[in-house]
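The values are calculated or read from the model by the stated rules, or taken from the named source; none is laboratory data. As the structure is a computational prediction, the values presented were derived from the model and not from experiment. Backbone-built Cβ (ideal geometry, glycine too); neighbour counts: all protein chains shown.
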Amino acid sequence: MGSDGREIAPIPAKLGRRFHGSMLHRCALSATGVRLSTMRYIGSKGAIVETVLDHLQQRESSGTLCDPFGGLGTIGAAARRRGYKVYSGDILHCAVAFQTIRLGFARPPTFKRLMAVGLVGAPSVERHLQSLSGREGWLVRNYARERRFYSVANARRIEACRQEIETWRARSLISEYELRALRASLIASSDRVANTAGTYYAHLKVLSAKARRAYRFELLSPAVGPIGHTRLCDASVRSAERPYTILYLDPPYNRRSYAHYYHLPETLARGETPLVRGRAGVPDRAMARSHFNSRPNAQAALEAIVATAEYHTLAFHYADDGIIDIECVRAILRARGPLAEVTLSAPGYTVTSRRRRVEHHLFLVDG
């Protein structure tokens, strides 16, 4: 128990060791059953996901769960494995691509239309993409030759996979969901050899040991459980679409823009080859940004969501150092119904090798 009487749930040491700074290497399976990491992501709940789901399941053992700030689908995939039907969303194409492969398929994609070019099933598609020779192109020029996000050899192989996937899309040889699955897998595979410290807002000056590894395309596989539904939309839209058994809100806590920090994965997920600028190669386009990234707008955004959504249990996950003052959060949520609170100790974001811990609050409201 904490000094104020609230329950404190620590991270299991075994899970904590998988963390690098504030970035968790989230695990999934490839289409061939090999365990691999999806992508490092700021604000990952991977280290505390099972603890969060334990608290939710104590209140609602089954039903629907809405995760409108779904990110890479870590909470959604864990909820699916526990039998919930998950409705997730995000404002980033990259996030929705990961959510789609983890929640939107009963089994690995079949890619039936690709039989027209001699590829039969997911393992065949995976082997084909692994066998491609490197190619020159947009990614190589901008992120290996002009900037050092990848080695040139790896960038050429990533570019070959990217071009092949986009050719299939242009020829209507894959469905929209299959396209998302392939793009998410491309992003996850390339992230494993990216010459970064975790985000794409900067690259390392010298190629790291990770970046010197050989790139290998691995097709991600879905989580087990009821098929869910993903959507590219604002959280306020997703939350109000229908009644949910559990509405799980995990918005951004501060002004960090995920669209900027992960601009390259977002570009790959959008299937674009834009003009880029600056040392980080940020694309020359408008960037999606959450109302929760803005101090003037965050409180009103929370009030609007909880006022319009229908749920049996509301779970609001927030950090101690968030933009919205914790006492203000408590006041907003108490107005919606009986309020319980759990404090979770979690790794915090840091750009140094020193570990940092942040208290997360899981607020639970009866609808």
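Within the stretch 301-312, restricting attention to residues that are in a helix (DSSP H, G or I) and either acidic (D, E) or in contact (Cβ under 8 Å) with a residue 60 or more places away in the chain (or both), the residue that is surrounded by the most Cβ atoms within 10 Å (Cβ to Cβ) is I305. For the residues A298, A269, A280, the requirement of being buried (at least 22 other Cβ atoms within 10 Å of the Cβ), out of contact with any strand residue (DSSP E or B) (no Cβ under 9 Å at 6 or more places or on another chain), among the hydrophobic types (A, V, I, L, M, F, W, C) and not assigned by TED's automatic domain parsing to the domain that holds L53 singles out A269. Taking helices (runs of 4 or more DSSP H) as the structural unit, those lying wholly within the stretch 38-148 and holding at least 2 residues that are among the polar types (S, T, N, Q) and closer than 27 Å to L362 by Cα correspond to 49-59, 93-103. Among the candidates Y200, Y177, the residue that is in contact with a Phe, Trp or Tyr (Cβ under 8 Å, 6 or more places away or on another chain), modelled with pLDDT of 95 or more and part of a helix (DSSP H, G or I) is uniquely Y177. Is it the case that I246 is crowded, with 23+ Cβ neighbours inside 10 Å, in the same structural domain as L92 (by TED's automatic domain parsing) and not hydroxyl-bearing (S, T, Y)? Yes. Number of residues in the stretch 203-237 that are of a type in the set (A, V, I, L, M, F, W, C), outside any loop (DSSP other than H, G, I, E, B) and touching a Phe, Trp or Tyr at 6+ places or on another chain (Cβ under 9 Å): the value is 2.
Could we say that R171 is more than 15 Å from M39 (Cβ to Cβ), in contact (Cβ under 8 Å) with a residue 24 or more places away in the chain and of a type in the set (D, E, K, R) here? The answer is no for R171. Selection of the stretch 313-325 for residues being touching a residue at least 24 places away in the same chain (Cβ under 8 Å) and surrounded by fewer than 16 Cβ atoms within 10 Å (Cβ to Cβ) yields D320, D321. Candidates in the stretch 258-284 are the residues that are touching a His at 6+ places or on another chain (Cβ under 9 Å) and assigned to a loop (DSSP other than H, G, I, E, B); of these, the one that is nearest to N142 (Cα to Cα) is G281.
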